[in-house]
Amino acid sequence: MSKVLVTGAAGFIGSHLVDRLLVEGHEVVGVDSFTGYYARNIKRRNLSRALVHKRFRLVEGDLCRMQLRAICEGVDRIAHLAGEPGVRSSWGEPFEIYLERNVYATQRLLEAVSASGTRRFVYASSSSVYGPDGGGPVAEDATRRPASPYGLSKLAAEELIDLYGRERGVPATVLRYFTVYGPRQRPEMAISRFISLASRGEAVEVFGDGTQMREMTYVSDVVDATVAALEARPGDRPRVYNVGGGSRTTVGNLVELVGEALGERPEVRYETRVPGDVHSTWADLRRAARELGYEPRVSLEEGVGAQIRWALAERRAPSLA
Ligand code: NAD
Ligand code: UGA
């Protein structure tokens, strides 16, 4: 058993990671500031299982402000998932928030980690560091040319991690997650919105013409890769891995899949394409397979079905105050 710190513990992916680490017998400290990116009660609910677990402790606080050395003390491994996640909302004034929550928060945490005896630091980066795809699977050493301010902030965090790895010995791994979905998915993401609107008989919104392609990754696969990275032996310098789901689809097809599973034919309203929304993502997973033993296990159809069952059950459940 080890002691693991998970930042962004109340979020979509972080809360699943916490649940898995508890099942595997670890002691888990979760940090989250419950940002207003989406409703606090949704995040509390994400943690409902963990909060009653005796090996879990939640520290509510902002990584940009809190005393991090004390939190990192005695921690064996850290999974850093806290951040401001939206791609399309990162233009204009909100960029300040992206700089603070994605770049400054990471730098503060790295300072604390480099002064502690932490054996492993895993960072949740993003496919959006690559930018427009080159028409085939993208490997980790491909050119990084973000198409959105969000992607740029994630790239800046990756660079900080590389720097603290080389100069300050932080034993880090960077995982580039590709569009993650499944139960607890953030409410503004495509599948969440499609389920919520179509199940009420309302029109779904598609940005652009719906031909954009996404590599879709089910959340338990992302958790598998993250746990494997937490357990792997650190190399001499930070290593980067793509974490994709092995299935790609157009957004138009996603609408159809959701409609079929709900037994509906959703009406589609086409809206203008949003800047920063890349036309296609596609992960080359060979390095993650070779070095982390990672292999995605959940197909798109299974995963969308699981998310729909969860969303409909949540709607029937009594709301948390
Ligand atoms: P999320 O918004 O559900 O979770 C992020 C959590 O971090 C939130 O609960 C938020 O309150 C917390 N947080 C943000 N800033 C904080 C701070 N300064 N201090 C403490 N807590 C803070 O998002 P998610 O979808 O679970 O994404 C988790 C991570 O994975 C993010 O870093 C995101 O960039 C990355 N990522 C997500 C996806 C995806 O498809 N969901 C894909 C690639 C990368
Ligand atoms: C997702 C996450 O939201 C980011 O946090 C993450 O960094 C990124 O994946 C990644 O892979 O790195 P995105 O691919 O934009 O970003 O995921 P969705 O929000 O689910 O959108 C998928 C596609 O559906 C986009 O083309 C988007 O424009 C479209 N969409 C979304 C719609 O057409 N309608 C909607 O209502 C929502």
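In the stretch 276-297, how many residues are part of a loop (DSSP other than H, G, I, E, B), hydrophobic (A, V, I, L, M, F, W, C) and within 14 Å of ligand 1 (Cβ to nearest atom)? Step through it out loud before you land on a result.
Taking the stretch 276-297 first, the residues part of a loop (DSSP other than H, G, I, E, B) are 276-279, 281-282, 284-285, 293-297.
Then keep just the ones that are hydrophobic (A, V, I, L, M, F, W, C); that gives 278, 282, 285.
In the following step, the residues that additionally are within 14 Å of ligand 1 (Cβ to nearest atom) were identified as 278.
Going through the stretch 276-297 one residue at a time, the tally reaches 1.
Filter the stretch 11-24 down to the residues that are more than 16 Å from ligand 2 (Cβ to nearest atom) and not in a helix (DSSP H, G or I) and list them by number. Give the steps one after another, and end with the answer.
Filtering the stretch 11-24 down to residues more than 16 Å from ligand 2 (Cβ to nearest atom) leaves 18-24.
Residue satisfying the conditions is Glu24 alone.
Pull out all pairs, ordered by first then second residue, where Cβ-Cβ is under 6 Å, the residues are six or more apart or on different chains, the first lies in the stretch 169-180 and is outside any strand (DSSP E or B), and the second is within 11 Å of ligand 2 (Cβ to nearest atom).
Close Cβ pairs satisfying both conditions: Phe178/Ser127; Phe178/Glu215; Phe178/Thr217; Phe178/Gly244; Phe178/Thr281; Phe178/Ala283; Thr179/Arg214; Thr179/Met216.
Considering (1) touching a Ser or Thr at 6+ places or on another chain (Cβ under 8 Å); (2) buried (at least 24 other Cβ atoms within 10 Å of the Cβ), say which one Ala172 fails and leave the rest.
Single failed check for Ala172: (1).
Suppose the filter is surrounded by fewer than 21 Cβ atoms within 10 Å (Cβ to Cβ) and small (Gly, Ala, Ser); does Ala156 pass it? Please lay out each step first, then the result.
Values: surrounded by fewer than 21 Cβ atoms within 10 Å (Cβ to Cβ): yes; small (Gly, Ala, Ser): yes.
Here the answer is yes, as Ala156 does meet what is asked.
Within the stretch 208-218, track down each residue that is in a strand (DSSP E or B) and either among the hydroxyl-bearing types (Ser, Thr, Tyr) or at pLDDT below 95 (or both). Give the derivation first.
Step one: list which residues in the stretch 208-218 are in a strand (DSSP E or B), which gives 213-218.
The answer is Thr217, Tyr218.
I need every pair where a residue in the stretch 1-29 that is at negative phi has its Cβ under 8 Å from the Cβ of a residue that is of a type in the set (Phe, Trp, Tyr) and outside any strand (DSSP E or B), sequence separation at least 6 or different chains.
Ala10/Phe34
Quick check: anything in the stretch 246-265 outside any helix (DSSP H, G or I), more than 14 Å from ligand 1 (Cβ to nearest atom), under 29 Å from Gly134 (Cα atoms) and of a type in the set (Asp, Glu)?
The answer is no, given that none of the residues of the stretch 246-265 is outside any helix (DSSP H, G or I), more than 14 Å from ligand 1 (Cβ to nearest atom), under 29 Å from Gly134 (Cα atoms) and of a type in the set (Asp, Glu).
Among the candidates Arg269, Arg273, which residue alone is away from ligand 1 (no atom under 15 Å from the Cβ), in a strand (DSSP E or B), of a type in the set (D, E, K, R) and over 29 Å from Phe121 (Cα atoms)? Break it down into steps so the answer makes sense when it comes.
Details: Arg273 fails: in a strand (DSSP E or B).
Result of the check over Arg269, Arg273: Arg269.
Count, please, the residues in the stretch 52-98 that happen to be of a type in the set (A, V, I, L, M), free of Cβ contacts under 8 Å to residues at least 40 places away in the same chain and under 30 Å from His279 (Cβ atoms). Reasoning before the result, please.
Here is the first cut: in the stretch 52-98, the residues of a type in the set (A, V, I, L, M) are 52, 58-59, 63, 66, 68, 70-71, 75, 78-79, 81-82, 87, 97.
Keeping just the survivors that are free of Cβ contacts under 8 Å to residues at least 40 places away in the same chain gives 52, 59, 66, 70, 97.
Filter once more, keeping what is under 30 Å from His279 (Cβ atoms): 97.
Residues meeting the conditions: 1.
Please go through (1) surrounded by fewer than 23 Cβ atoms within 10 Å (Cβ to Cβ); (2) within 19 Å of Gly83 (Cβ to Cβ) for Tyr130 and return the number of the only condition it doesn't satisfy.
Failing condition for Tyr130: (1).
Okay, residues lined up against (1) among the basic types (Lys, Arg); (2) near ligand 1 (Cβ under 10 Å from one of its atoms); (3) within 15 Å of the chain's Cα centre (by Cα); (4) in a helix (DSSP H, G or I):
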position: Tyr164; (1), (2), (3), (4): no, no, no, yes
position: Arg184; (1), (2), (3), (4): yes, yes, yes, no
position: Pro187; (1), (2), (3), (4): no, yes, yes, no
position: Arg193; (1), (2), (3), (4): yes, no, no, yes
position: Val206; (1), (2), (3), (4): no, no, no, no
position: Ser220; (1), (2), (3), (4): no, no, yes, yes
position: Thr226; (1), (2), (3), (4): no, yes, yes, yes
position: Ala229; (1), (2), (3), (4): no, no, yes, yes
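Which one of these is without any contact (Cβ under 8 Å) to a residue 24 or more places away in the chain, more than 28 Å from Arg40 (Cα to Cα), surrounded by 15 or more Cβ atoms within 10 Å (Cβ to Cβ) and of a type in the set (Asp, Glu): Glu256, Glu260, Glu291?
Numbers: Glu260 fails: surrounded by 15 or more Cβ atoms within 10 Å (Cβ to Cβ); Glu291 fails: without any contact (Cβ under 8 Å) to a residue 24 or more places away in the chain.
On inspection, the qualifying residue turns out to be Glu256.
Which of the residues belonging to the stretch 4-24 are surrounded by fewer than 21 Cβ atoms within 10 Å (Cβ to Cβ) and farther than 20 Å from Gln307 by Cβ?
Across the stretch 4-24, the qualifying residues are Leu22, Val23, Glu24.
Which one is surrounded by the fewest Cβ atoms within 10 Å (Cβ to Cβ) among residues in the stretch 263-282 that are out of contact with any Pro (no Cβ under 6 Å at 6 or more places or on another chain) and among the hydrophobic types (A, V, I, L, M, F, W, C)? Please lay out each step first, then the result.
Pass one, the stretch 263-282, residues out of contact with any Pro (no Cβ under 6 Å at 6 or more places or on another chain): 263-277, 279-281.
Still in the running and among the hydrophobic types (A, V, I, L, M, F, W, C): 268, 274.
Values: Val268: 18, Val274: 13.
Taking the candidates together, the pick is Val274.
Among the residues of the stretch 232-250, what is the count of those that are touching a residue at least 60 places away in the same chain (Cβ under 8 Å) and surrounded by fewer than 18 Cβ atoms within 10 Å (Cβ to Cβ)? Write out each step before concluding.
Filtering the stretch 232-250 for residues touching a residue at least 60 places away in the same chain (Cβ under 8 Å) gives 232, 234, 237-245.
Next, only the ones that are surrounded by fewer than 18 Cβ atoms within 10 Å (Cβ to Cβ) stay: 232, 234, 237.
Total satisfying the criteria: 3.
Give the stretch 84-107 a look and list any residue that's part of a helix (DSSP H, G or I) and hydrophobic (A, V, I, L, M, F, W, C), or say none. Give the derivation first.
Restricting attention to the stretch 84-107, the residues satisfying the condition of being part of a helix (DSSP H, G or I) are 88-90, 95-107.
Selection gives Phe95, Ile97, Leu99, Val103, Ala105.
The values are calculated or read from the model by the stated rules, or taken from the named source; none is laboratory data. Source: prediction; values computed, not measured. Because the Cβ atoms are built from the backbone with ideal geometry, glycine has one as well, and the counts that use them run over all protein chains shown.
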